[in-house]
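Take a look at the structure below.
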Amino acid sequence: MERIAVSAVRKSFNLKPGQTVTVDGVTSSRIAVLDGVDLTINSGEFITLVGPSGSGKSVLLDVIAGLTEATSGVARIDGIEVTKPHARTAYVFQQYALFPWRTALQNVEYALEVRGVPAAERRERAKDFLHLFGLKGFEDRFPSQLSGGMQQRVAIARALSTDPQVLLMDEPFAALDAQTRDILQSELLRIWEQIKTTVVFVTHSIDEAIYLADRVVVMTARPASVKEIVEIDLPRPRDLDIRNSEAFNAYRGRVWESLRDEVGKAQRDWTLASTYAN
Ligand SMILES: Nc1ncnc2c1ncn2[C@@H]1O[C@H](COP(=O)(O)OP(=O)(O)OP(=O)(O)O)[C@@H](O)[C@H]1O
Ligand SMILES: [Mg+2]
């Protein structure tokens, strides 16, 4: 069943007063970020998005989340146009985004509180989700008393505790060390195997993209559209060792080949931008 449908989504922003960009000889005070993005995602699918820095991945997630409006085109969830944040869509950011004045438990509870879940029930649910993420015994710690990996576990527990139909994750593991990142990738997969919510996950790591995904979506350089979709036909449940397999290596080559030109274009873009910046 189709859960998310992004159709011909374009997004551009006004630049600051006095700023202009010149693309193909045309000077404009607007910057085109998304240039006709089409993407359909099935219920329960795990999609990863890769693309050069500044290509518009976060903006695309924001459009799906209902946090920003497309300039034209439409994003739909279950056939309904997204015009504002949806109660059954959850978002996890790169930075932990926890409330520093709330404990781990209270942070998870918060998401349930705003959804009107009664106190006793939300406490139980929040505990269950913290335990699911290996945080038993850390319920009463404040974020500053938790490692980065633990904070991100709390953020994911908070997102999943609301039973989202759509989970949007914007480079959630980018700030973590390599070992913690590996552990959280497998934990996320283990839990996703149980709940099978629809996930859209942005990453700069090709290995992470392949390891997690049913399909890897490669975006072009800005203004972005979908360049290629690589179906990842690796068995599940997946063990981290799968990254050493021949099949994985072939996917690695394939995704990189698709991405390489776009990263090159984006770099030229940046070089030009800094050369002409004043
Ligand atoms: N509110 C805004 N106003 C103006 N420009 C914006 C705004 N939000 C994003 N942009 C521009 O849109 C472009 C795409 O940004 P976005 O954050 O989506 O890139 P990204 O692909 O997520 O990059 P990264 O991989 O570095 O996170 C950038 O050039 C950015 O400057
Ligand atoms: Mg981003």
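The values are calculated or read from the model by the stated rules, or taken from the named source; none is laboratory data. Given the structure is predicted, the values throughout are model-derived calculations rather than measurements. Using ideal geometry, Cβ is built from the backbone for each residue, glycine included, and neighbour counts are taken over all protein chains shown. All accessible areas refer to the heavy atoms of the entire protein, side chains included, with ligands and DNA or RNA removed. Shrake-Rupley method; radii C 1.70, N 1.55, O 1.52, S 1.80 Å.
Only residues that are under 21 Å from V218 (Cβ atoms) and not aliphatic (A, V, I, L, M) were counted across segment 53-71, and they come to 7. From the list T68, T48, the lone residue that is within 14 Å of ligand 2 (Cβ to nearest atom), surrounded by 15 or more Cβ atoms within 10 Å (Cβ to Cβ), modelled with pLDDT of 95 or more and within 20 Å of Q185 (Cα to Cα) is T48. Residue count for segment 19-45, restricted to those that are within 16 Å of ligand 2 (Cβ to nearest atom) and farther than 29 Å from P172 by Cα: 0. Considering segment 8-45, the residues that are at pLDDT 95 or above and open to solvent by 40 Å² or more (accessible area, probe 1.4 Å) include one that is farthest from A90 (Cα to Cα), namely D35. The number of residues in segment 3-28 that are within 16 Å of ligand 1 (Cβ to nearest atom) and in a strand (DSSP E or B) comes to 11.
All of (1) open to solvent by 50 Å² or more (accessible area, probe 1.4 Å); (2) within 16 Å of ligand 1 (Cβ to nearest atom); (3) modelled with pLDDT of 95 or more; (4) small (G, A, S) hold for A97 with one exception: (3).
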